Amino acid sequence: MNFHSFTFFALRFSLLGRGLFDRLSRLTLILFFLPVFVYADTAAGKDWPMLAHDPARSGATSAEIRPPFERKWYRLFPDEGLMAGVQPVIKNGKVFIGTMAGILHAVNDDTGQDLWTFKTAGAILHTCAASGGKVFFGNTEGKIYAVNTADGTPAWSVQTGSAVWNAPLVHDGLVVIGSRDGKLYAVDANNGKIKWTAQTGGPILSSPALDSRTGRIYIVSEDMHVYAFNFSDGKQIWRSGKLPGASLRGYYPVVAPDGSVMVTVTPVVSQDSIEPILLDMVKEIFGDFASWRHTKEENAKLREQNFKLMENLDTYESQLRYIRKRLTEQPVYQTFFVLDPNTGRQKFVAPIVYAESMNGTAAPPIVTPDGKVVVKFQALLRSRYEHYSPFLNVGYLDTSTGHITPIMDQSRTYGWHDSLLLVHDEQCQLSVAGRVLISTHQDNVNAMDMDTLVGYSEPFCRNIHEPAAGEAAGIWASIFRQQSLPVGKEWLARGTAVYGGGSAIDTPVSIAGDSFYYIPAHEINAGAAVIAYKMQPDGKASRQSKPPEAKLTDDEWKKIQQLPWDWDTLEMSRLNHVLKSLPGKIPGTRQQPLSEQAPQQVSRITDAELDRFIWEVPVVKFADSNLSTKLKKELSDSITELISKEWRPLVFPAGKHPIEAYRFFIEPTETLYTLARSFNYLDSSLQQNVKQYVAKMTSSGGPLESPTGQRSFNPSEGLVRSLYDVPSEQIFRVVDDITRSDVARLYPLWLWANATGDWSKIERDWKDLRELAGQPPNKFEEDCHNGHLAGLIAYCRIAKHLRDDDALKQALAVTHKALRQRLAYEFAHTKGGLITQVPVGRSIFARWRHLTPEVSHLLANYAAETHKHLMDVYVDYHRPTWYLAWNVETMWRNECPFAFPTVSIEVFAARALILREPAEKLICFLDLPWCKADLFYIQKLVFCIEANQKLTWQARLPRVRSPKQRFCEG
């Protein structure tokens with residue numbers, strides 16, 4: 001048995017009762033003094049120079065901090081915002097933090113004031129690293145930057161192939177960072193020359209880690225593999241087997257003292273789908289346990305029975321065995337992995353059941369300065385019995401055997417804060433300062449002494465969990481008056497409560513010298529504050545401050561009305577108290593639509609004016625260019641991928657709440673729409689292949705055989721689109737994305753017929769399709785009736801083509817009415833009404849969903865300025881990373897980590913079709929496909945191609961096209 005194992009063997013005695021614990025304490029103390037490998041940097045502890053402190057990502061420092069604390073300073077970034085997962089970096093008296101506005105701030109550690117700032121052209125998505133007089137970081141431009149720490153002047157930059165969304169490590173004069181182009185870059189820190197690159201099989205959204213003893217660097221890729229590369233030359237040493245789960249983003253591998261590589265993943269299934277493992281375990285080992293499910297008397301009896309069983313050491317071991325057995329039998333539930341550093345193979349199944357809020361990547365482990373691995377794990381123990389999260393504990397993991405030894409004293413039950421405030425459905429991220437274990441729990445920081453096993457009864461500091469009524473307005477009043485906010489009230493109702501992802505990727509505190517640096521986060525937190533606390537004998541940071549009670553003056557209320565707030569998100573149930581505390585309502589939002597003015601504006605529009613939006617079609621005068629050639633090549637490759645195989649709908653990962661996973665690309669007419677939009681930009685050979693593919697879809701037994709096609713493809717047929725494996729739908733709930741109504745499906749059918757000249761399906765099915773004009777529209781919140789309106793326009797065109805005058809006459813009256821209703825909504829909602837909630841607990845840009853060129857033409861003619869304002873405020877200001885594939889959730893979906901792919905296509909379509917932004921700008925938002933056969937990516941390519949050409953609107957339906965002039969309807 002090695003020294004490391006001896007230490008863990010001794011610690012296992014802490015599971016026993018107090019009497020036996022006391023008798024064995026002398027042996028335990030003797031064994032504690034056995035030598036162990038010290039991995040974390042223990043030199044001075046005055047800096048926190050990179051993400052998780054060091055290249056091995058230990059998350060620990062030798063600097064020891066203990067309460068009481070006093071706030072040193074705080075910084076709010078209301079106009080910049082912080083991305084989820086960003087951690088402050090401290091080096092030589094400067095604090096470095098990058099924002100979503102692309103600004104790197106160098107902050108004086110004593111005063112909190114900027115020493116300098118460095119502006120880039122893209123959002124900074126993760127933590128920087130400081131070493132050798134330079135600070136290094138990446139951004140959404142796809143660049144790796146080096147900036148001189150002395151004065152903020154640029155040292156060098158390196159261009160990668162896609163946005164950089166991870167944090168660099170620096171070691172031995174080399175900067176190593178990944179890119180979403182799938183490559184790991186090693187760059188000379190002095191001159192910016194690329195020393196080597198290493199390719200992985202997917203985007204890199206996790207930060208690299210280094211074992212400096214073996215010269216191996218580890219990275220995880222979104223292909224769900226872990227890679228080991230040689231630090232000196234980038235040669236691949238091994239690639240692990242494919243891990244279960246959906247993503248490894250946001251965090252990093254951690255190198256254990258014995259060299260083992262520890263990684264955590266995001267599950268595809270919901271956290272609530274994993275919870276039954278614990279309940280089944282309790283049923284088998286304990287029978288039952290005290291909880292809200294029982295009466296007070298029943299709980300007292302269960303507590304006594306459970307505690308008696310816990311006195312037997314084997315009761316705990318039985319829990320670990322049960323969990324390990326279940327995870328072995330059902331590996332889809334595994335989220336924590338320990339890999340052999342020489343082979344990349346899993347060393348054992350760790351008995352760790354997932355316990356994270358937002359359903360994001362599981363919290364990484366910590367390696368203490370004296371060489372112990374600290375993990376969060378779940379078991380029924382006395383230390384946290386009857387807590388809100390009774391199973392969640394912290395323990396020491398033996399990376400040679402997989403055994404976990406609880407850290408807390410098992411002879412007693414801890415209280416609320418002194419048990420680290422571990423919560424299974426809210427983020428809790430760990431860090432270590434000397435012999436103090438710290439838990440950053442969203443809106444407060446709690447800690448425990450690792451020697452005495454006594455937790456601190458009060459938090460190191462507090463912040464706002466959910467603001468009380470009137471509190472948000474009081475905070476803004478203080479800001480307007482340039483008054484310092486009370487300690488713990490550094491919270492902003494910035495407008496979008498989940499700016500930068502909230503707690504989708506939570507951040508543990510950074511520790512340097514006698515201070516710690518904290519970014520409060522929550523699913524309704526604005527993610528815009530950095531707070532520094534310092535040890536001080538009379539510090540009062542742990543106390544609850546009185547909420548600001550100042551009332552807004554008339555002038556301050558006028559200022560708020562001019563602020564670029566997201567009024568739609570503030571209307572959501574958990575935030576509407578902010579609106580209620582304001583002196584009035586904002587005209588042009590859903591709270592106060594312009595209901596009287598809108599009908600008056602609509603009444604001035606004649607049927608003749610509206611007719612142009614029924615009959616005018618976009619005409620693209622196509623001219624070849626280098627840009628168009630590249631885009632068309634990418635489009636052809638993407639279409640070939642789509643039609644060369646059968647694909648099942650994309651299963652999108654579940655959230656903590658709502659628990660449902662989603663299927664996208666389920667609707668056959670969505671595929672038809674995508675092919676029709678692309679058709680004119682394909683060469684003749686590929687056009688023939690596309691026609692054959694559609695002919696198969698419309699043939700007997702095909703998904704488009706019926707008049708408007710099936711509602712969805714068969715979810716179990718075809719290849720999986722995602723890089724991750726999809727578990728059986730028997731173990732989690734999957735719901736379909738919103739689909740078009742039958743009327744709305746007329747548009748893709750017409751579009752295909754008009755693009756290809758093949759009207760056979762419509763002619764065959766017209767008898768049934770003819771009855772659709774009188775159908776009521778779908779629910780307004782699904783797409784503001786964009787799809788329904790487009791379908792009615794298509795109906796009119798079909799009726800005209802087929803010379804069905806009676807049908808056309810009826811449809812024109814219905815279509816005129818629908819056009820007016822759509823415009824009435826535009827005129828009534830000039831400052832809001834963009835985002836709506838749809839099942840299940842999900843928010844979408846409904847106003848931009850199912851946009852077509854015709855509907856967009858209408859909106860651009862009558863409400864262009866409104867949409868420009870909505871884009872400036874709701875997207876560019878609040879959600880500047882909207883276009884990133886697998887972005888963090890920045891809408892309102894409560895406890896979910898990923899933004900839906902529909903968000904990016906909704907915004908992209910509005911920019912291309914309503915605002916008519918140039919191709920050069922749209923291409924900046926093109927980004928990566930979300931998956932294989934990504935329909936939305938194909939549609940974006942079409943938008944970019946068309947934006948690079950001259951477009952006019954002509955009142956005719958083309959039948960014949962010349963090589964110099966191609967029409968794109970749809």
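The values are calculated or read from the model by the stated rules, or taken from the named source; none is laboratory data. No experiment lies behind these values; they were computed from the predicted model shown. When we count neighbours, we look across all protein chains shown, and the Cβ atoms used for this are built from the backbone with ideal geometry, even at glycine. Ligands, DNA and RNA are stripped out before the accessible areas are found, and what is left, the full protein with its side chains, is counted by its heavy atoms. Shrake-Rupley method; radii C 1.70, N 1.55, O 1.52, S 1.80 Å.
Quick check: convex hull over the Cα atoms of segment 622-777, volume per residue in Å³, rounded to an integer?
Spelled out: Cα convex hull of segment 622-777, divided by residues, is 154 Å³.
Thinking of the chain as a set of Cα atoms, what percent of all their pairs are more than 45 Å apart? Please report the intermediate quantities before stating the final value.
On the way: 156025 of 469965 pairs.
Everything past 45 Å amounts to 33 percent.
I need two numbers for segment 269-326: Rg to one decimal and Dmax as a whole number, Cα atoms only, in Å.
Considering segment 269-326 through its Cα atoms, Rg and Dmax are 12.6, 36 Å.
Take the residue pairs 559/868; 691/767; 283/656; 193/630 and return only those whose Cα atoms are more than 26 Å apart.
Numbers: 559/868 21 Å; 691/767 24 Å; 283/656 24 Å; 193/630 28 Å.
Over 26 Å apart, Cα to Cα: 193/630.
Sticking to Cα atoms, compute the Rg of segment 348-431 to one decimal and its Dmax as the biggest Cα-Cα distance, whole number, in Å.
Final numbers for Rg and Dmax: 12.4, 33 Å.
Taking only the C-alpha atoms, wrap a convex hull around segment 159-304 and report its volume per residue in Å³ as a whole number. Please list the in-between numbers first.
On the way: hull volume 23.3 nm³, N = 146.
Normalising the Cα hull of segment 159-304 by residue number yields 159 Å³.
Among DSSP beta bridges whose residues both lie in the chain, state the antiparallel percentage, nearest 5. Provide the component values of the computation, followed by the final result.
On the way: 117 of 124 bridges.
Of those bridges, close to 95 percent are antiparallel.
Given a 1.4 angstrom probe, what's the average accessible area per residue across the chain, in square angstrom?
With all protein chains present, the chain gives 35 Å² per residue.
Tell me, what HN-Hα J-couplings in whole Hz come from the Karplus equation 6.51 cos²θ - 1.76 cosθ + 1.60 at θ = phi - 60° for each residue of segment 231-242, using x for Gly and Pro?
Calculated HN-Hα couplings, in order: 5, 7, 9, x, 5, 6, 9, 7, 10, 5, x, 6 Hz.
Could you state the number of Å between the C-alpha centres of segment 806-877 and segment 241-305?
Spelled out, the Cα-based centre of one part sits 45 Å from the other.
Would you calculate the convex hull of the Cα atoms in segment 617-698 and tell me its volume per residue in Å³?
With only Cα atoms used, segment 617-698 gives 151 Å³ per residue.
How do the peptides 739-745, 659-665 rank, highest first, by the average count of neighbouring beta carbon atoms within 10 Å per residue? Intermediate values should be presented prior to the final figure.
Details: 739-745: 24.1, 659-665: 21.3.
Ranking the peptides 739-745, 659-665 by packing returns 739-745, 659-665.
Keeping all protein chains in the complex and leaving out DNA, RNA and ligands, what accessible area do you get for residue 332 with a 1.4 Å probe, in Å² to the nearest 10?
Here the accessible area works out near 40 Å².
Going highest first, how would you order 764-770, 437-443, 170-176 by mean Cβ packing within 10 Å?
437-443, 170-176, 764-770
Using a 1.4 Å probe, how large is the accessible area of residue 696, given in Å² and rounded to the nearest 10?
Here the accessible area works out near 130 Å².
What are the ³J(HN,Hα) couplings of segment 913-927, residue after residue, when phi is run through the Karplus curve with 6.51, -1.76, 1.60 and θ = phi - 60°? Round to Hz, x for glycine and proline.
9, 8, 7, 6, 5, x, 4, 4, 7, 4, 4, 4, 9, 5, 6
Taking all protein chains in place and a 1.4 Å probe, what share, in percent, of the accessible surface of the chain do carbon and sulfur account for?
Here carbon and sulfur together make up 51 percent of the probe-accessible area.
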